[in-house]
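The values are calculated or read from the model by the stated rules, or taken from the named source; none is laboratory data. These numbers were taken from a predicted model, which means no experiment stands behind them. Cβ placement follows ideal geometry from the backbone for every residue including glycine, while neighbour counts extend to all protein chains displayed.
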Amino acid sequence: MKLRFTRRSMLKGMLGGASVYVGLPVLDAFLNGNGTAFADGAKIPVRFGTYFWGLGLTDTPAGGTRWVPSKIGPGYEIMPELEAIAPFKDKVSVFSGFRVIGDGRPNLVHWSGHAGILTGVAPAAATKFDGPSFDTKVADAIGIGTRFKTIDIDASVSRQPVSYSTRTGTTFASPDASPLALYTRLFGPGFQDPNSDDWKPDPSIMLRQSVLSAVTEQRHALMKGLSHADRLKLDQYFSAVRDMENQLAVQLQKPEKREACVIPQPPKDAPPGASVDVVNENTRVMARLLAMALACNQSRVFTFVHTAGTSETYMPGSSKIYHQITHDEPTDAQLGYQPETSKLASEVMKGFGAFLAELDAIKEGDGTLLDNTLVMAFSDTGYAKIHSIDNIPMFLCGRAGGRHKAGQHIAGKGDAVTRVSLTAMQIVGAPVGEFGAGSMKTSNPINEVMA
Amino acid sequence: MRAHVMRLCAAPLAVAMLGAPCAALAAWTKTYVVEWNEPAMYYGAKTGVTDPGTDCPAGTNPEPDWIQVLMKAGYTEEEAKWLRNPANPTRSPVHGQNQMAFRGKNRANVYVNPESTPDPGLVGVTGTIGEGINLDGDESTGFTSPDGEKGIDNMFYKTLGCWKTYRGPRRLSSGALQFNDAMRNGSWTTVVVVSGKGDDPMNDDDVLVGFYVSDDKLVKDGNGNIAWDYTFSIKPSRRYEAIFPARSRNGVITSTKPVDGSLREPAYLRDLQLTKAQVKLTMHPDGTLTGYVGGYRPWEPVYWGWVNARGPVIEVLTWVELPAVWYALKRNADYSPDGPYGKKTHISYALWLSAIPAYVMTPDASEEVTSVVSYKDLAPSEDTRVAFEAISSRIRVVDGIVIDPNAKWQAGPNAVILPPKNATGAAQ
């Protein structure tokens, strides 16, 4: 007998004079035989995230490189600074030779690079972007229906929390900057174990939800009489309100069971100091929490910062920070590169390797969480010594549920970085046909990596 | 390759009405855009960027031991180590350790008062080969050029040529890379116009060479090189313009009369103000133009360029004590506008440049330039104070350091430097 309801159906009711909408739980009738996909053919959801680290990877002005493979296409060789991703090579595509084009705007050091990648335009001023970061477009497209539209994480142990995710270009996300804060957010009060058989909707959440809903008309009326600038501010504010509503609505639904979801133990916060071993361990612990949050369907979108553009990290015991070393270390004549810089770049990449390992450790269906995820990893510079915004290292990691033809090296030959950003957006299903502005405007994704 | 622009300035009145002076008739004109420029610093080693060479037998000046520098300035070892510790919250990962400034007598700020500390010493060039121009016509003084020309005046090179910022093969020193990368990404554009009245551009007794700036940005090709034959309109500027009377012999253009002029420099100090300036440029068969612009420049603004780029950052990143730079420039200055017995306020200098063919238009972009003339009269009045490269629009550098007014701890002569008991981080 054909069901009258689908997995998208909502039940409508009233609570305390206000309407309450309750989504249907994921009934077995909605799933296929082995539970790996919905019966209507929809796949396990694809997750998307950005991973940022500061100070690029090592190039030399004479053309040498420690990270760009010589082989183009599938089967690229593992360069010294890519060692940490070697175990996942078949799931990682490497993008070299892409650049940010300023169209006359100056290179704002440690800012123009990732701003260009995320927004599609070189910014006019440091500390601001000229538009929203594209992860927010992705979140709007695929982040609905989960408790958190986006999870923003900063593992850098910097003096100030670091996030490059923004909806306005002026206000940036407030990331969880310690493992304990992230754990509390993900698995503290409000978390519902999707595997629990003893699930009931929380009346207090229903009440809060209805209260928020009740102000909808008022806030629409309020928006009408405001200036453009004030409307932008309020839009940002109400965006957060809507996220809250969404979270509450999700908590009124009985979640589908998730085999891979295991509630982790609360972690300990990292010791003080931003030495690279501490940052990498922080990255590993926070990646494990993130992975479980994705597996438990708490969110489908995340942003992750390993180190800021002006990275504060350093080798334990050294009086020099990595940032300083990239600038002051001469190129070794025999080696042809900056050895200490390269050593630190490799250390930083170990953090990225640990991050990917945590996502790849979670079995999901017939693959891993990483197989159902696309991580776009990138930095702020190419040759960090001179703050170059040419040849910024970029990676697409994970198979995105089969949509990413991973394991390739794509040489950009001076193309704009926006081609990689657009490719990422289109792979995960964001409805974006073109991206960027000026010389970086593109409607030309990199088809070679798109299934 | 772009063909020579060879046309007469046939309608001077009409062009002048459009905002493009046209005082001189030129028989030929060649136009270029600068794709690379850097201080002329001969590198005497065979390999590397810091190796020992004929210029600097001990190699590039080594990194100072900053713990020792601070201890010499009166800080205890514990204080010095804590000031240099990456875990010290007073040491900004971006702007450095402000307390580094206060190492003069009675902890005076050595950046603004370099004489408050004894000369730390800066090893200069000891080699005899140098690049540039014989500015004073005296072949018995100065360097010998790599191709044997004697009397090359470049005391700037002698003074700073072993400093890591400047030392390295052409296009590979860290300073040249940093600032040319900025220029090539659009920070500024310099165009060059060469015109002559003779029949043969390669051999012409009446040549003019004009340097101007443009608001049109350089364009890179797919390989990251600056693209040829793009179009640039001259921006009239009272600050950046220099016109040189010259002659050409076998394609080599040399000045016939020293002039005063100013160019946009690839440095933290934007203004290359030259007096008794000359050119020595070569027009190559492939259409490019390379060579030198030389002259005497005020040396103190050079020093302030580095101080304003944030003293603690420059010192640590470029391996130099800034007071040493001040003493060395003062010691080696070789020219006084007031005559041979006047105070030596200027130092001989040369800028090496490489330019590629480009279309250069009049300021209103109505037509290609056909001669070398001054556009200063068309320029709006502008601030004529010395211009420094902005570190950031949000950063205000005061006395060589960036002060966060909201910080609990402030650097200064009386700052208390005590590491907290639970401090972690570097051991050295």
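Quick notes
- Residue list for the stretch A:51-74, filter: in contact with a Phe, Trp or Tyr (Cβ under 7 Å, 6 or more places away or on another chain), among the β-branched types (Val, Ile, Thr) and more than 14 Å from chain B (Cβ to nearest Cβ): A:Thr58
- Qualifying residue in the stretch B:242-254 (condition: surrounded by 20 or more Cβ atoms within 10 Å (Cβ to Cβ), part of a strand (DSSP E or B) and under 18 Å from the mean Cα position of the chain (by Cα)): yes
- Matching residues, the stretch B:45-59, being crowded, with 21+ Cβ neighbours inside 10 Å and modelled with pLDDT of 95 or more: B:Gly53, B:Asp55, B:Cys56
- Scope the stretch B:68-83; condition closer than 30 Å to B:Met41 by Cβ and either in contact (Cβ under 8 Å) with a residue 60 or more places away in the chain or facing chain A (nearest Cβ under 9 Å) (or both); matching residues: B:Val69
- Evaluation of B:Val69 against (1) surrounded by 20 or more Cβ atoms within 10 Å (Cβ to Cβ); (2) in contact with an Asp or Glu (Cβ under 8 Å, 6 or more places away or on another chain); (3) not in a loop (DSSP other than H, G, I, E, B) (one fails), failing number: (1)
- Residues in the stretch A:148-175 that are touching a residue at least 24 places away in the same chain (Cβ under 8 Å) and within 14 Å of chain B (Cβ to nearest Cβ): A:Ser156, A:Val157, A:Ser158, A:Arg159, A:Val162, A:Thr170.
- Subset tally (residues that are assigned to a loop (DSSP other than H, G, I, E, B), surrounded by fewer than 24 Cβ atoms within 10 Å (Cβ to Cβ) and either under 23 Å from the mean Cα position of the chain (by Cα) or of a type in the set (Asp, Glu) (or both)) for the stretch B:114-130: 8
- Of all the criteria given as (1) part of a strand (DSSP E or B); (2) within 14 Å of chain A (Cβ to nearest Cβ); (3) closer than 30 Å to B:Ala45 by Cβ, the one not satisfied by B:Thr190 is (2).
- Candidates A:Ala406, A:Ala416, filtered to the one that is closer than 22 Å to A:Gly73 by Cβ, over 18 Å from the mean Cα position of the chain (by Cα), crowded, with 22+ Cβ neighbours inside 10 Å and in contact (Cβ under 8 Å) with a residue 12 or more places away in the chain: A:Ala416
- Checked against the criterion of being of a type in the set (D, E, K, R), within 14 Å of chain A (Cβ to nearest Cβ) and surrounded by fewer than 21 Cβ atoms within 10 Å (Cβ to Cβ), the stretch B:169-179 has at least one qualifying residue.
- For the stretch A:297-334, filtering for residues that are touching a Lys or Arg at 6+ places or on another chain (Cβ under 7 Å) and more than 23 Å from A:Ala177 (Cβ to Cβ) leaves 5.
- Positions within the stretch B:232-241 being in a strand (DSSP E or B) and either within 14 Å of another protein chain (Cβ to nearest Cβ) or surrounded by fewer than 20 Cβ atoms within 10 Å (Cβ to Cβ) (or both), in sequence order: B:Phe232, B:Ser233, B:Lys235
- Only listed residue being assigned to a loop (DSSP other than H, G, I, E, B), within 14 Å of another protein chain (Cβ to nearest Cβ), in contact (Cβ under 8 Å) with a residue 12 or more places away in the chain and within 28 Å of A:Val94 (Cα to Cα), chosen from A:Gly273, A:Gly309: A:Gly309
- Residues that are among the polar types (S, T, N, Q), within 13 Å of chain A (Cβ to nearest Cβ) and touching a strand residue (DSSP E or B) at 6+ places or on another chain (Cβ under 9 Å), drawn from the stretch B:196-231: B:Ser214, B:Asn225
Matching residues to (1) modelled with pLDDT of 95 or more; (2) not β-branched (Val, Ile, Thr):
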{"residue": "B:Thr282", "(1), (2)": "yes, no"}
{"residue": "B:Gly294", "(1), (2)": "yes, yes"}
{"residue": "B:Arg297", "(1), (2)": "yes, yes"}
{"residue": "B:Val302", "(1), (2)": "yes, no"}
{"residue": "B:Asn308", "(1), (2)": "no, yes"}
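- Scanning the stretch A:279-319 for residues that are of a type in the set (D, E, K, R) and surrounded by fewer than 23 Cβ atoms within 10 Å (Cβ to Cβ) turns up A:Glu281, A:Arg284, A:Arg288.
Quick grid of which residues meet (1) touching a Leu at 6+ places or on another chain (Cβ under 9 Å); (2) at pLDDT 95 or above; (3) surrounded by fewer than 21 Cβ atoms within 10 Å (Cβ to Cβ); (4) under 19 Å from A:Met425 (Cα atoms):
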site	(1), (2), (3), (4)
A:Ile144	no, no, yes, yes
A:Asp154	no, yes, no, no
A:Arg159	no, no, yes, no
A:Thr166	yes, yes, no, yes
A:Thr171	no, no, yes, no
A:Ala177	no, no, no, no
A:Leu180	no, no, yes, no
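- Number of residues in the stretch A:75-110 that are more than 14 Å from chain B (Cβ to nearest Cβ) and hydroxyl-bearing (Ser, Thr, Tyr) equals 2.
- Looking across the stretch A:315-342, the residues that are out of contact with any helix residue (DSSP H, G or I) (no Cβ under 6 Å at 6 or more places or on another chain), touching a residue at least 12 places away in the same chain (Cβ under 8 Å) and either outside any loop (DSSP other than H, G, I, E, B) or away from chain B (no Cβ under 14 Å) (or both) come down to A:His323, A:Ser342.
One line per residue, one yes/no per condition, for (1) away from chain B (no Cβ under 14 Å); (2) assigned to a helix (DSSP H, G or I); (3) in contact with a His (Cβ under 8 Å, 6 or more places away or on another chain):
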{"position": "A:Ala357", "(1), (2), (3)": "yes, yes, no"}
{"position": "A:Leu370", "(1), (2), (3)": "yes, yes, no"}
{"position": "A:Gly382", "(1), (2), (3)": "no, no, no"}
{"position": "A:Asp390", "(1), (2), (3)": "no, no, no"}
{"position": "A:Leu396", "(1), (2), (3)": "yes, no, yes"}
{"position": "A:Ala424", "(1), (2), (3)": "yes, yes, no"}
{"position": "A:Pro431", "(1), (2), (3)": "yes, no, no"}
{"position": "A:Asn444", "(1), (2), (3)": "yes, no, no"}
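- Residue within the stretch A:344-353 that is among the hydrophobic types (A, V, I, L, M, F, W, C) and closer than 18 Å to A:Ala291 by Cβ present: yes
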